[in-house]
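The values are calculated or read from the model by the stated rules, or taken from the named source; none is laboratory data. On a predicted model such as this, the values are computed, not experimentally measured, just so you know. Quick reminder, even Gly has a Cβ in these numbers, built from the backbone with ideal geometry, and neighbours come from all protein chains shown. The area values use the complete protein model at the heavy-atom level, side chains included, leaving out ligands, DNA and RNA. Shrake-Rupley method; radii C 1.70, N 1.55, O 1.52, S 1.80 Å.
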Amino acid sequence: MAIYAIGDVQGCFAELRHLLNRIRFDPTQDRLWFTGDLVNRGPQSLETLRFIRSLGDAAVTVLGNHDLHLLAVAYGVSRTKRKDTFADVLTAPDRDSLVDWLRHRPLLYREGTFYLIHAGLPPQWSTEDAERHAKEVESCLQGDDFIELFRHMYGDQPDLWTESLKGWDRLRFITNSFTRLRYCDRYGRTDFEEKGAPGTQPPHLMPWFKVPGRKSAGAEIVFGHWSTLGFYVGDGVYGIDTGCLWGGELTALRLDGEKRRFCVSCREGGYMSPF
């Protein structure tokens, strides 16, 4: 059995199938871990969702910010944006079952020594804290109050974690950390404006995994979300969003045994410009 972590697909279904052919994926033996953002901006969100759901226990995925945006739109809380490309999901005959399946995906998945998330962890959290906080949002998302969660999840504040945070402020910070975090300062104050590669940010900011003394240090964390970071291995983390959507590559990283990277290039040379 092999375990492969796969970076943000974002509707790049043709590339996903090409990548799975390259690694000779066998759903009866192998498993796939997706870093979230299964949908949006690429051309085949519907096919991507249907396929990954059809894999059953052979695939796990965590939720990304684009997945949450699709859910908020599907449940009538938010509106589509100019660059959204998931209309195929919203008009599909199996829309309701797909959306319900997506809503029940976790924010964090742990197996063995590995933690799978979409974006990042604030430095104040240990991995035990992260698991506990993920369950807070998952319980709301999968319970009766999920519509209210969608209504309150947008916004960049609060930008600093304290255990005393309560209510929607608390759930918003947790959601933002798992699905949007790239940079923060040495105290863990988050910044969601900066999206470029490390070295382009203001000097007081650093990648979340570079903060001195972060409490999740020592764990093996697999994440996506940060296409301008590219493929990154170091500091106990594995960044595997390599920007297929923008004309880059779709990456699979084998996690069992020797860490080996497989990738395929975007077939169309890029479905959308990042600028």
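Sparsely packed loop sites in region 184-230 (the trypsin sites (Lys or Arg not before Pro) outside DSSP H, G, I, E and B with at most 14 other Cβ atoms within 10 Å) comprise Arg186.
Averaged per residue, the chain has 43 square angstrom of accessible surface, using a 1.4 angstrom probe with ligands and nucleic acids left out. Among Asp96, Asp26, the order of accessible area from largest down is Asp96, Asp26, computed with a 1.4 Å probe on protein heavy atoms.
Here the translational diffusion coefficient of region 1-149 follows from Stokes-Einstein with Rh set to the Kirkwood radius across Cα pairs; for 4 °C and 1.567 mPa s it amounts to 81 µm²/s. The percentage of C-alpha pairs in region 118-255 whose separation is greater than 28 Å is 18%. Note on Glu128 and Thr28: the model spin-label points, each 7 Å out from Cα along the C-beta direction, lie 4.3 nm apart.
Remark: spin-label model distance Arg110-Ala197 equals 3.4 nm, labels positioned 7 Å along the Cα→Cβ axis. In this simple spin-label model, placing a label point 7 Å from the Cα along the Cα-to-Cβ direction at both Trp101 and Arg151 gives a separation of 3.0 nm. Per-residue extension of 0.36 nm, minus the Cα-Cα distance of Leu90 and Leu165, leaves a gain of 23.5 nm for this segment. On the beta carbon distance between Arg254 and Asp57, with R0 = 22 Å, the FRET formula returns roughly 0.70.
At q = 0.13, 0.18 Å⁻¹, what is the log10 ratio I(q)/I(0) for region 97-185, with the Debye formula run over Cα points and no solvent? Here log10 of I(q) over I(0) equals -0.41, -0.80.
Across the alpha-carbon set of the chain, the Rg to Rh ratio works out to 0.93, Rh being the Kirkwood radius. The share of accessible area on region 1-129 that comes from carbon and sulfur is 45 percent, using a 1.4 angstrom probe.
Met206 contributes about 40 Å² of solvent-accessible surface, heavy atoms of the protein only, 1.4 Å probe. Expressed per residue, the C-alpha convex hull volume of region 184-254 stands at 90 Å³.
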